[in-house]
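Asks: Okay, here's the structure, questions in a sec.
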Amino acid sequence: MTKARRMMQENIKLIDLVIELVDARIPAASRNPDINDLARGKPRMILLNKADLADESATREWKKFYEALDYQVVALDSRSRTGMKAIESSVQLACREKIERDRSRGIVNRPVRAMVVGIPNVGKSTFINSFAKKAVARTGNKPGVTKGKQWIRLSGTLELLDTPGILWPKMGDQLTGLHLALIGSMNDEILDPEQMAISLIGILEQYYPTVLDKRYGLSDPLLSAEDEKGRIRILEEIARVRGCISKGERADTAKAAGILLDDFRSGRLGRISIERPGAIKETEEDE
């Protein structure tokens, strides 16, 4: 983390634009607030990656929210390249003052130099490779695959500085940690999948009250996720529906929790966002 901060500080003077990738399902939890301080005074762009897994209406809310804070914002899916076409024009808008200054000095067609940042597992290297249409950045399923800085010429108008993705989120509260855990950005081996599933059931009840019944065909009309006991009963019902039964005909809630979490992360529950701008508005604006 310290090394990544130092690298950003050393290179920030070389760049015109900071591009930050976040997970569209949890745009607040998947940011590192240090980036705001490190990138102070630079034009900013936020890419809401993995938008194909996120609720479209929630993504529109996040886009409006960050645009009101003077960010250029693009929702995209790096794997399928959906949304990529909007990036070049957004870069030009974000750097319009710099481009005009260059023109007034007789400098034309100088590429915008951008730094790409983001916490591990938001898809930073996948985005760079997809945008470049070739493998120019190292990728992997482990945090921190990018080890050193690389300048990558993407087009005649844009160069990217890829930096190590070791800017971990600051988990100042349990909710941030929970949201990161739910999308798989933390090691499941050190977490309690049943407690995570119970928390997810509560979130789904708040924003998507019919999604579990649609996916699993829950038969008990009295099931309610208003309290933890009710959420446990729903998890037990998912276990029974999916045949997760342990010795003594008891519901295997650990196995059911794994099924529920995997269905959420893969998009089989549908397009779901578990954060909304209203919950973090005051914090973001204070920054």
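The values are calculated or read from the model by the stated rules, or taken from the named source; none is laboratory data. Just so we're clear, the structure is a prediction, and the values are computed from it rather than from any experiment. Using ideal geometry, Cβ is built from the backbone for each residue, glycine included, and neighbour counts are taken over all protein chains shown. The accessibility values were calculated without ligands, DNA or RNA, using every heavy atom of the protein model including side chains. Shrake-Rupley method; radii C 1.70, N 1.55, O 1.52, S 1.80 Å.
Asks: Quick one: how many Å² of Val73 are accessible to a 1.4 Å probe, rounded to 10?
Replies: Number for this one is 10 Å².
Asks: Next question, about the same structure. Computed FRET efficiency, Cβ-Cβ of Leu175 and Arg242, R0 25 Å: what is it to the nearest 0.05?
Replies: 0.35
Asks: Follow-up. Can you list the GluC sites (Glu not before Pro) in the range 184-257 that are in a DSSP coil and have 14 or fewer other beta carbons within 10 angstrom?
Replies: Glu226, Glu249
Asks: Taking the full set of protein chains and a 1.4 angstrom probe, give the accessible area of Cys95 in square angstrom, rounded to the nearest 10.
Replies: Using a 1.4 Å probe on the heavy atoms, I get roughly 0 Å².
Asks: Would you mind getting the accessible area per residue of the chain, heavy atoms of the protein chains only, 1.4 Å probe, in Å²? Display every interim value, and only then the final one.
Replies: Working: 14530 Å² over 287 residues.
Here the per-residue accessible area is 51 Å².
Asks: Using only C-alpha positions, report the orientation-averaged shadow area of the convex hull of the chain, nm², one decimal.
Replies: Approximately 16.2 nm², given one-decimal rounding.
Asks: Starting from the 7 Å offset along Cα-to-Cβ, what nm value, one decimal, do you get for the label separation of Arg101 and Gln206?
Replies: If labels sit at Arg101 and Gln206, their model points lie 4.2 nm apart.
Asks: If you don't mind, there's one more thing I want to ask. Given contacts defined as C-alpha pairs under 8 Å and at least six residues apart, what's the relative contact order of the chain, whole-number percent?
Replies: 20
Asks: Next question. With 10 Å bins from zero, work out the P(r) of the range 64-128 over every alpha carbon pair and list the percent per bin.
Replies: 17, 42, 31, 9, 0
Asks: With a/c under 1.5 counting as rounded, go ahead and sort the range 3-59 into rounded, prolate or oblate using the C-alpha gyration tensor (a ≥ b ≥ c being the square roots of the eigenvalues; past the cut-off, prolate if a/b is larger than b/c, else oblate). Before the final figure, lay out the partial values.
Replies: Details: a/c = 2.91, a/b = 2.23, b/c = 1.31.
Because a/c hits 1.5 or more and a/b exceeds b/c, the range 3-59 counts as prolate.
Asks: Would you work out the relative contact order for the range 1-109, in percent, from Cα pairs under 8 angstrom that are 6 or more residues apart?
Replies: Result for the range 1-109 is 24 percent.
Asks: Turning to a different aspect of this structure: Give me, ordered by chain and number, the residues 5 or more places off Leu158 or on other chains with an amide H under 5 Å from its own placed amide H.
Replies: Result for Leu158 returns Val112.
Asks: Within the set of other residues whose C-beta is less than 14 Å from the C-beta of Cys244, count the net charge using Lys and Arg as +1 and Asp and Glu as -1.
Replies: Within the 14 Å Cβ shell, the charges total -2.
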